[in-house]
Amino acid sequence: QVQLVESGGGLVQAGGSLRLSCAASGRIFSKNVMGWYRQAPGKKRELVASITSGGYTKYADSVKGRFTISRDNAGNGVYLQMNTLKPEDTAVYYCAVDQSTIYWGQGTQVTVSS
């Protein structure tokens, strides 16, 4: 089993920054993909960014150049630095770990006011 706990969400004005953190515990494999997803009201959950254990990253077009994903070397944490936030970034952000089975955190709210 894997447990994921997100933190760092909150309310910020447009143009501001937030850093999300996700602490992973339990049976974490050395090879996996960690990522951040988000879900806005009335919309489907979408991938924001992902990072493999080898450091390969992928971003949604809407956040390229503004968000940066990283993970610690021990593989038990993943982070999302979000800069130049826009109102359309408002959503619940979920941390996920994909190691054959996908595990999800409980989510953290990010609200960007205009």
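The values are calculated or read from the model by the stated rules, or taken from the named source; none is laboratory data. Note that the structure is a prediction, hence the values are computed from the model and not measured. Backbone-built Cβ (ideal geometry, glycine too); neighbour counts: all protein chains shown. Please note that ligands, DNA and RNA were not included when accessible areas were found on the heavy atoms of the full protein model with its side chains. Shrake-Rupley method; radii C 1.70, N 1.55, O 1.52, S 1.80 Å.
Quick check for you: with a 1.4 Å probe and neighbouring chains kept, what is the accessible area per residue of the chain, in Å²?
That works out to 54 Å² per residue.
Treating only the Cβ atoms of Lys and Arg (+1) and Asp and Glu (-1) as charged, compute the dipole magnitude of region 1-45 about its Cα centre; round to the nearest 20 debye.
Result for region 1-45 is approximately 220 debye, rounded to the nearest 20.
Within the chain, what whole-number % of the accessible surface is contributed by carbon and sulfur, with the 1.4 Å probe and all protein chains included in the calculation?
Carbon and sulfur together cover 49 percent of it.
Within a Cβ distance under 13 Å of GLN13, other residues only, what is the Lys/Arg minus Asp/Glu net charge?
Neighbour charge sum, excluding GLN13 itself: 0.
Is there a quick way to get the dipole size of region 14-85? I mean about its Cα centre, with the Cβ of Lys and Arg at +1 and of Asp and Glu at -1; what is the value in debye to the nearest 20?
160 debye
Given q = 0.10, 0.12, 0.21 Å⁻¹, what are the Debye log10 I(q)/I(0) values for the chain, with equal point scatterers placed on the Cα positions and solvent ignored?
Calculated log10 I(q)/I(0) at the listed q: -0.26, -0.37, -1.11.
Within region 5-74, report the chymotrypsin sites (Phe, Trp or Tyr not before Pro) that DSSP leaves as loop and that have at most 14 other Cβ atoms within 10 Å.
PHE29, TYR56
At 7 Å along Cα-to-Cβ for each site, give me the label-to-label distance between ARG45 and GLN81 in nm.
That separation, rounded to one decimal, is 2.7 nm.
Taking only Cα atoms and a 10 Å spring cutoff, compute GNM fluctuations for the chain and point out the largest among LYS44, LYS86, LYS31.
In this elastic network of the chain, the residue with the biggest mean-square fluctuation among LYS44, LYS86, LYS31 is LYS44.
Return a whole-number percent for the relative contact order of the chain, with Cα pairs under 8 Å and 6 or more residues apart as the contact set.
Relative contact order comes out at 36 percent.
Just the Kirkwood number for region 1-48, please: inverse of mean 1/r across all distinct Cα pairs, in Å, one decimal.
One decimal place: 13.2 Å for the Kirkwood radius.
Shape verdict for region 60-114, please, from the Cα gyration tensor: rounded (a/c under 1.5), prolate (a/b greater than b/c) or oblate.
prolate
Of SER17, ASN73, LEU85, which is farthest on the positive side of the dipole of the chain, counting Cα position, with +1 on Lys and Arg Cβ, -1 on Asp and Glu Cβ, and the Cα centre as origin?
Sorting the options by dipole projection puts first ASN73.
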